[in-house]
Amino acid sequence: MKGRNLFLTALLAIAAGIALIIFRNVINSATLVTAGGIFFIATGVINMGLFIGGRDKDGNSRQGFLSHAFGWGASAAAMLLGLAMLIFHERFVGLVNFMFAVLIGVAALYQLFLLIFGSRPVKLPDWLFIAPVLLAGASVFLFIPSTVATDPVVMLTTGIAFVVFGTATLIESFFIGSANRSALKAAKAEAAKAEAAKEEGKNGATAAEPVALDPGTPENNPDTPSRQP
């Protein structure tokens with residue numbers, strides 16, 4: 001797990017959460033459904049354009065068959081979802097609470113996975129487990145129908161959940177990033193040490209090699225009689 005990826009995810013989550021908290025009285029379920037429909041349609045069209053334009057000079061796709069098919073399928077699904085949100089607007093308005101509850105529940109599971117398995121071999125602090133607990137509580141609150149869960153309350157709850165998720169992820173990114181940098185520095189030091197030892201061994205072997213004497217000279221060949229003047 002890379003700390004940089006977690007850092008970017010955390011910033012996006014915190015920004016979205018703060019926006020929902022600040023504009024909780026302006027944003028409502030109907031506005032979210034409309035904006036979401038337009039967003040999914042635009043995303044699908046942009047992705048399809050990128051797939052069409054992502055070819056080499058011979059006109060062949062730069063991606064494999066499976067990734068190409070998956071990309072087209074995901075783009076088409078995004079466009080269909082966006083169209084459905086605009087056409088069946090009223091139905092989706094009634095599902096906003098449920099969709100936010102599912103999204104926050106997935107965030108809670110992601111945090112739990114990251115704390116238990118995803119950060120290995122880095123050991124994250126145990127107090128960070130409060131994040132998935134809070135997220136699970138917010139998910140349950142939004143999932144259960146209630147007269148208290150008006151649009152401002154839903155936006156406020158979702159915004160706080162996003163901020164909690166982003167803050168926890170930001171802290172985890174610092175721990176994981178620091179550990180990754182330390183491991184990389186140690187690996188470089190070990191590699192440099194091994195290279196130095198290799199060079200030292202090579203130099204020692206060169207110094208220990210006997211100097212070859214020229215047998216053609218009388219001084220170096222005892223079987224050659226010396227010439228007396």
What FRET efficiency do you get for Thr34 and Asp126 if R0 is 45 Å and r is their Cβ-Cβ distance, rounded to the nearest 0.05? 0.60
Using the Karplus equation 6.51 cos²θ - 1.76 cosθ + 1.60 (θ = phi - 60°), what ³J(HN,Hα) coupling, rounded to whole Hz, does each residue of the stretch 10-20 give in order, writing x for Gly and Pro? 5, 4, 5, 5, 5, 4, 5, x, 5, 5, 5
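Bear in mind these aren't lab numbers, they're just calculated from the coordinates by the rules spelled out. What you are looking at is a predicted structure, and each value in this text was computed from that prediction instead of being measured. Neighbour counts run over all protein chains shown; Cβ positions are idealised from the backbone, glycine included.
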